[in-house]
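One structure below.
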Amino acid sequence: MGSADSGKANQEAAGASQPIQDLRASPGDTAGGSQQIQDLRRDFGRDSLTEELAGDDPFLLFGRWFDTALDAGLRDANAFVLSTVDEANRPVSRVLLLKDYSPAGFVFYTNYASRKGSNLAENPHAAILFYWAEHERQVRIEGRVERVAREESAAYFASRPRASQLGAHASPQSQVLSDRSDLEKRFSDLEQQYGADAPIPLPEDWGGYRLQPGRIEFWQGRSNRLHDRLEYTIVQAGSASGSQAKAGAWTRVRLAP
Ligand SMILES: Cc1cc2nc3c(=O)[nH]c(=O)nc-3n(C[C@H](O)[C@H](O)[C@H](O)COP(=O)(O)O)c2cc1C
């Protein structure tokens, strides 16, 4: 279905940016304190999500919302939060980039030996969260994760810019570094090793995961906090509702906001 690499999603080459001027001068400086935070709110109301608009297929709806976010040029439209669970059953979250999706699932690439990789090896249940602020839309996706085929990872890795390929080799993701120069040295050593043209192989510990959803919820902000929430749940073979709906089909309900 959609490739998250297409169109405006690929912002790796987005324009050079200025260093950020962080505002708070010292830990005791209370600028931006709690009253200001409490006053931060806005009403929503750009759009609505009716059952008729949503339809029966959550992948089609996801595709419509995702394409709309890409076409609007939303920054990092393919960024999402991935939550995993650690060995003590505690949730762990971080931002990743969606690289592909289809009815088979949502694909992202990372280091298999990272913290998320070890979480997923222990417990393949995970959750994905997209938030497109400008469109007042949130999508929550829950399911099981599995590794994508090695050839699929290799094909994607080969399509990445050379510097990103070297970066994947250089970074023992989630491990403690003695200091930054350690990482930079690894990178420059690899630059020398592979030179300008030698093909850079797929790192052993690097590749894709595909999250196969069991639940997908679409949230559209509405006024007075009366938001629209439509939840799709996959029908399991032999489940109670399975007598009416075939396995692999989706049921849809509206949730209170
Ligand atoms: C906008 C953005 C996009 C990111 N994309 C990825 C990605 O696609 N893959 C990845 O491994 N890390 C990505 N990261 C870094 C992760 O958030 C995280 O720092 C890293 O994967 C290590 O996470 P872990 O220690 O929980 O495994 C991204 C971070 C940001 C802010």
Quotient of C-alpha Rg and 2.2 N^0.38 Å, computed over segment 113-153: 1.51
Grab the DSSP H runs of the chain that are 4 residues or longer, score each as -39,500 (n - 2.57), total them, divide by all residues and round the 222 nm result to the nearest 500 deg cm²/dmol. -7000 deg cm²/dmol
Looking at the chain as a GNM with Cα springs under 10 Å, which of 208, 63, 55 has the largest mean-square fluctuation? 55
Longest DSSP-loop-exposure-free segment, GluC sites (Glu not before Pro), the chain, at most 11 other Cβ within 10 Å: 88-203
Have a look at 93, 171, 34 and tell me which one the Gaussian network model of the chain (Cα, springs below 10 Å) gives the largest fluctuation. 34
Among 188, 26, 178: highest mean-square fluctuation, GNM of the chain, C-alpha pairs under 10 Å: 26
Show me the three semi-axes of the equivalent ellipsoid for segment 12-146, from the C-alpha gyration tensor (sqrt of 5 times each eigenvalue), largest first, rounded to whole Å. 29, 24, 17
Using the alpha-carbon centroid of each, what span in Å lies between segment 197-223 and segment 51-83? 14
Translational diffusion coefficient, Stokes-Einstein: compute it for segment 145-257 using the Kirkwood radius over C-alpha pairs as Rh, at 37 °C and 0.692 mPa s, and state it as an integer in µm² s⁻¹. 177
Taking each pair of different alpha-carbon atoms in the chain once, compute 1/r for the pair, average those values, and report the inverse of that mean as the Kirkwood hydrodynamic radius in Å to one decimal. 21.0
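Every number here is computed from the coordinates shown, using simple stated rules; none is lab data. Note that this is a predicted model, so its numbers are computed, not measured. Positions of Cβ are backbone-derived with ideal geometry, glycine not excepted, and every protein chain shown enters the neighbour counts.
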